[in-house]
1. Expressed as a rounded percentage, what relative contact order does the chain have, with Cα pairs under 8 Å and six or more residues apart?
2. Have a look at 71, 100, 61 and tell me which one the Gaussian network model of the chain (Cα, springs below 10 Å) gives the largest fluctuation.
3. For region 43-78 and region 175-234, write down the distance between their C-alpha centroids in whole Å.
4. Expected output is a single nm value to one decimal: the length gained when fully extending between residue 175 and residue 187, i.e. 0.36 nm times separation in residues minus the C-alpha distance. What is it?
5. Please compute the length gained on full extension between residue 82 and residue 202, using 0.36 nm multiplied by the number of residues separating them and subtracting their Cα-Cα distance.
6. Against the longest principal axis of the chain, how steep is helix 58-77, in degrees 0 to 90 to the nearest 10, with axes from Cα atoms?
7. Find how much the distance from residue 157 to residue 42 grows on full extension, using 0.36 nm per residue of separation minus their present alpha carbon separation; answer in nm with one decimal.
8. I'd like the orientation of helix 160-174 relative to the chain: the angle between its Cα long axis and the longest Cα principal axis, in ° from 0 to 90, rounded to 10.
Ligand SMILES: [Zn+2]
């Protein structure tokens, strides 16, 4: 649990930020300090680890999320693989694979594939960018907590790695029967998985609330500057 106390300052000055954090083991309130990356802060009373030094930077997270979103678009727009056998060439996209499963009367597999490979990653990336981009410009987006809750609920259902594994097994098996050329979407799909894993391991709830605190302080500071400006002119 983190609390933030803000002391009133004259108009135009940046408010002084004082964060307090409660130990999860013994509830002792302690003043939070900035830690170097990978360092631990321990409770002075019970020695429990209270928090770790921040690893993520907002700009890095936005760059990763944007890169991931662009690669995800490429993955969905272009063919994932092209199969050629006996003069017949077939290529399909990610959404095309789900449609083919539906046509082959496998609705449950088609829906599962659509939800875990397309819908959930799309929702996760949209929620991330919706939260992070305004924070970068010192604004807290409306409904941030709902977007974050949705992100946490959706995350376990994203199964891009499972799909890639299944795809690789299928391609290797089919390579005995047909000539297979991986499409641009296949390589961007691999890129999405790498960037998504990087995003997931770097992103933490604690960092998000720190960025929210910073944005709120920046907003309050701007409001104070605006309300102070007419007084100064009088
Ligand atoms: Zn403690």
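No value in this document is a laboratory result; all are computed from the given coordinates. Treat the numbers as computed from the prediction; the structure is a model and nothing was measured. Please note: Cβ atoms are built from the backbone with ideal geometry, for glycine as well, and neighbour counts cover all protein chains shown.
1. Numbers: 291 pairs, mean separation 58.8, N = 234.
With pairs under 8 Å counted, the relative contact order is 25 percent.
2. Looking only at 71, 100, 61, the largest GNM fluctuation is found for 100.
3. Spelled out, the Cα-based centre of one part sits 8 Å from the other.
4. Numbers: separation 12, 0.36 × 12 = 4.32 nm, distance 1.77 nm.
That pair, residue 175 and residue 187, stretches by 2.6 nm at full extension.
5. Numbers: separation 120, 0.36 × 120 = 43.20 nm, distance 3.49 nm.
Here the segment from residue 82 to residue 202 would lengthen by 39.7 nm.
6. 20 degrees
7. Values: separation 115, 0.36 × 115 = 41.40 nm, distance 3.40 nm.
Stretched out fully, the residue 157 to residue 42 stretch lengthens by 38.0 nm.
8. It is inclined by approximately 20 degrees.
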